[in-house]
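Below is one structure, written out as structure tokens, with a few remarks after it.
Readers should treat all values here as calculations from the given coordinates under stated rules, not as data from a laboratory. What you see is a predicted model; the values in this text were computed from it and never measured. Reconstructed Cβ throughout: ideal geometry from the backbone, glycine too, with neighbour counts over all protein chains shown.
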Amino acid sequence: MEKILITGSTGFIGKELIRKLHNKNFEIHTLERYVTGRYSLDNGDDLITHYASLTDYSAMKSLIRSTQPDYVIHLGALSAVSYSYDHYVEVSETNYVGTINLAEACYHEVPSFKQFIFAGTSEEYGMALRDKTKKISENSELQPNSPYAVAKVASDMYLKYMHSAYQFPYTILRPFNTYGRTDNTHFFIERTITQMLNADTVHLGDSEAIRDWLYVDDHVDGYLKSLGNKKAIGEEIQLCTGKGYTTKETAELIATLTGFKGKIIWNSTPKRPLDAPILIGDNSKAKRLLSWEPKYTLTEGLAKTINYWKSVKTNSN
């Protein structure tokens, strides 16, 4: 049986990905950073959990040497962009140095290592797109505009170097703004939904930012279709819908779907030092190499997300 190691296994995408992998023929290992008071995922007897810090190279070498994974899906990161502006050293060490440590350990410790799938991000493009009639492609210029995005671009560059020097089998996936969280209301769509379900007044930020919203199931499907796919080796691939919506349009759609009749106060949350005005992606490469395309429209994905948060509200009453 082939082995797979997943970092960031307790995170948004990690938890969903593990659920989908359970019916695949893998021995699943997960890497967690030990946090006092947090319990490991309850995903059945076939899940083998390890504890270590990505920033500890000796620990990474020991982990990879002992587990001998055929595949690594590296989701582990400090992922809140806003957090990175004030915690740039911590974010850089975890997201960049951590990626180096893990990739180098795989190269040195696993003789027949098959694939390192890295979680990139549309944030890497930053300010690259200024025209909403156009789309970002994998060949667009990378213009990272946050410490988080800089660390992701640096990780990309390191993996490309390893591929050129040692034929290291990387795949970089760059998903666009993903929603469908079930335990975090920090991000725009989940924050908007929960406010509209629980209050008469909603406080939001910039109303004109344009985003390409990707539902979580489609995001996870991109990883599954990349895993073991030889066409994906040595490639950067975007996961996106190819459609852009302003945050105002998105909030108005959520209001319609939730029946919200209250007031939205825009520009009432702190602004980032820099924020990309437009992020719309071209998914033609994902279609060509992975036979992947999004299954959910924005309306369908929002409806599923709203239904979840409605059930949370009902159960808490």
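Taking the Cα centre of the chain as reference, the dipole from Cβ charges on Lys and Arg (+1) and Asp and Glu (-1) amounts to some 600 debye.
For the chain, the 222 nm mean residue ellipticity estimated from helices alone, with every DSSP H stretch of n ≥ 4 adding -39500 (n - 2.57) and the total spread over all residues, rounds to -12000 deg cm²/dmol. Ordering of 13-25, 235-247 by packing is 235-247, 13-25, highest average first (other Cβ atoms within 10 Å, averaged per residue). Its residue count N fixes a reference of 2.2 N^0.38 Å for region 110-172, and the Cα radius of gyration divided by that reference is 1.30.
Applying the Kirkwood pairwise sum to the alpha-carbon positions of the chain produces a hydrodynamic radius of 20.3 angstrom. In the chain, the longest principal axis of the Cα atoms and the axis of helix 298-316 are about 80 degrees apart. How far, in degrees from 0 to 90, does helix 188-198 lean away from the longest principal axis of the Cα atoms of the chain, to the nearest 10? For helix 188-198, the angle is close to 50 degrees. Once backbone amide H atoms are built at 1.01 Å from N, E27 has E2, K3, I4 as its partners under 5 Å, excluding neighbours fewer than 5 places away on the same chain.
State log₁₀ I(q)/I(0) for region 79-209 at q = 0.18 Å⁻¹ as given by the Debye formula over alpha-carbon point scatterers of equal weight, solvent excluded. Here the Debye-derived log intensity ratios amount to -1.10. Relative to the dominant Cα principal axis of the chain, helix 147-166 is inclined by about 30°.
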